[in-house]
Amino acid sequence: MIVAIDGPAASGKGTLARRIATHYGLPHLDTGLLYRAVAARCLALGGLDDVGASEAAARTLDLSTIDAEALRSAAMGEAASVVAARPGVRAALLDLQHRFAAQERGAVLDGRDIGTVICPRADVKLFVTASPEVRAQRRFRELGARGAAVTFDDVLADIRKRDERDSQRSAAPLVMADDAVALDTSNLGIEEAFAAALAIVMART
Ligand code: C5P
């Protein structure tokens, strides 16, 4: 069983993907981490401008060395969306994602283009959304809890900027697949959102 979960930043897709994967005992890949890791490598080498260097970083990415915690910052999300707009970077990460999805038991993948590009034949496609304000509020709380000195307005502006870049790019833009089911989590707590997501998965499998 392959479950594809897409949606914008802070929509709740990552949490839902983890919970669904645990529920079914399936491996889970947070594909945003791949782009974050590529961006981190580029920044460590001097900056994001060198397209060839970002493609090389994507080609040589090793999933087992990714340190998720170190890549969580808002700045890294922003940097990830810059390198993620490059077709060469996306192409270099295709094989790794396809291999992950091809595991015998199945898999849960979350990102922006899972249902449209990476796993167009997934058994279930969820498109998780929430209003920009609600997503900014969630991210603001999360960052505050980690001690980051940010304002709500800054977080909201970042979210809007990233939404725009991810939706407007020509390479695999963030768009809902025709056969995906939309789940708006704006007014749902985590448990309610999980119950709703699970009901969608169950109805489709
Ligand atoms: O989901 P996350 O916030 O970690 O993703 C960081 C960035 O990576 C996104 O803003 C997006 O530009 C990019 N991304 C992507 N395709 C995916 C997953 C993430 O372009 N499948």
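The values are calculated or read from the model by the stated rules, or taken from the named source; none is laboratory data. Here the structure is a predicted model, which means the values were calculated and not measured. Reconstructed Cβ throughout: ideal geometry from the backbone, glycine too, with neighbour counts over all protein chains shown. Accessible surface is based on the protein model in full, side chains and every heavy atom, while ligands, DNA and RNA are left aside. Shrake-Rupley method; radii C 1.70, N 1.55, O 1.52, S 1.80 Å.
Every residue, every condition in (1) in contact (Cβ under 8 Å) with a residue 40 or more places away in the chain; (2) not hydrophobic (A, V, I, L, M, F, W, C), yes or no:
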| position | (1), (2) |
| --- | --- |
| Phe140 | no, no |
| Ala145 | no, no |
| Ala148 | yes, no |
| Arg162 | yes, yes |
| Val181 | yes, no |
| Asp184 | yes, yes |
| Met202 | no, no |
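Scanning segment 64-90 for residues that are more than 15 Å from the chain's Cα centre (by Cα), surrounded by fewer than 15 Cβ atoms within 10 Å (Cβ to Cβ) and within 17 Å of Gly111 (Cα to Cα) yields a single hit, Pro87. Inclusion of Arg141 among residues that are more than 18 Å from the chain's Cα centre (by Cα) and either open to solvent by less than 30 Å² (accessible area, probe 1.4 Å) or farther than 30 Å from Asp62 by Cβ (or both) is warranted. With segment 9-92 as the region, which helices (runs of 4 or more DSSP H) entirely inside it contain at least 1 residues that are modelled with pLDDT of 95 or more and more than 10 Å from the ligand (Cβ to nearest atom)? Output list reads 13-24, 32-44, 51-59, 87-92.
From the set of residues in segment 177-196 that are touching a strand residue (DSSP E or B) at 6+ places or on another chain (Cβ under 8 Å) and closer than 17 Å to Ile20 by Cα, which is surrounded by the fewest Cβ atoms within 10 Å (Cβ to Cβ)? Of everything passing the filter in segment 177-196, Ala182 is surrounded by the fewest Cβ atoms within 10 Å (Cβ to Cβ).
Does segment 174-192 contain any residue that is small (Gly, Ala, Ser) and over 29 Å from Leu93 (Cα atoms)?
yes
If you go through segment 153-176 and keep only what is within 17 Å of Thr31 (Cα to Cα) and either loosely packed, with under 12 Cβ neighbours inside 10 Å or more than 12 Å from the ligand (Cβ to nearest atom) (or both), you end up with just Met176.
Residues of segment 139-198 that are among the β-branched types (Val, Ile, Thr), out of contact with any Gly (no Cβ under 9 Å at 6 or more places or on another chain) and assigned to a helix (DSSP H, G or I): Val155, Ile159.
What number of residues within segment 95-138 satisfy the criterion of being assigned to a helix (DSSP H, G or I) and within 30 Å of Arg59 (Cα to Cα)?
Total meeting the criteria: 12.
Candidates in segment 54-63 are the residues that are of a type outside the set (Asp, Glu) and more than 18 Å from Phe100 (Cα to Cα); of these, the one that is surrounded by the most Cβ atoms within 10 Å (Cβ to Cβ) is Ser54.
So, in segment 98-122, how many residues would count as being among the acidic types (Asp, Glu) and either at positive phi or more than 10 Å from the ligand (Cβ to nearest atom) (or both)?
Here the count works out to 1.
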